[in-house]
Amino acid sequence: MNSRGLTLVELLIAIGIMAILALLVVPNLLNYRRAQDLDFDAKGIVAALRDAQQRAITQEDLAPGEQWGVHFEDSASGQDFYDVFRGTDYPGTTALRKTLKSGIEFESIPATPHVFLGNLTGLPTAPASVTIRIKGASCPSPECKTVSINDNGTIAY
């Protein structure tokens, strides 16, 4: 007899194999996505610091006594953010606000949560670093990234 269909046992085995594969693949995809979000936000912070640094060097839109800076906010609402701003102190005038991705949070920010950059030089008034992490992660680990600006204005993560 020549049968062209699948038996119930064959079908259940195929579904079981697909379910096992799904259980293995989905968590890895979620971890990959969180790692990409962490990297994206770290690069965003670097870009914000460089943007403020360039604006300070060119003295873009500055009134007397003002400086460009970046402010980091570890928000109680859970939506941490950072601002590129100008003024004599924060909040001043915000030029750019970026919110960290939903699965990312600040692990540590400077004691004074903003970094001012010197006019014409772009050098920070004090070196600073900020650490972001995947929510719930403990640092140091691959689930954390630290962005820093040193005395000579080098920005790295």
Could you give every pair whose Cβ atoms fall below 9 Å, whose first residue belongs to the range 62-77 and is without any contact (Cβ under 8 Å) to a residue 12 or more places away in the chain and more than 17 Å from Arg50 (Cβ to Cβ), and whose second residue is in a strand (DSSP E or B) and among the β-branched types (Val, Ile, Thr), counting only separations of at least 6 or pairs across chains? Ser75/Thr99
What number of residues in the range 30-73 are over 19 Å from the mean Cα position of the chain (by Cα) and hydrophobic (A, V, I, L, M, F, W, C)? 5
Picking from Gly118, Gly87, Gly92, which residue would you name as being over 24 Å from Arg34 (Cα atoms) and in contact (Cβ under 8 Å) with a residue 60 or more places away in the chain? Gly118
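Condition check ((1) at pLDDT 95 or above; (2) in contact with a His (Cβ under 6 Å, 6 or more places away or on another chain); (3) aromatic (Phe, Trp, Tyr)) across all residues:
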site	(1), (2), (3)
Gly65	no, no, no
Trp68	yes, no, yes
His71	yes, yes, no
Asp74	no, no, no
Gly78	no, no, no
Arg86	yes, no, no
Gly122	no, no, no
Ala126	no, no, no
Just for strands (runs of 3 or more DSSP E) wholly inside the range 54-156: which have at least 3 residues that are surrounded by fewer than 18 Cβ atoms within 10 Å (Cβ to Cβ) and β-branched (Val, Ile, Thr)? 93-99
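The values are calculated or read from the model by the stated rules, or taken from the named source; none is laboratory data. Quick caveat, the model's predicted, so the values are computed rather than measured. Every residue, glycine as well, gets a Cβ built from its backbone with ideal geometry; the counts of neighbours run over all protein chains shown.
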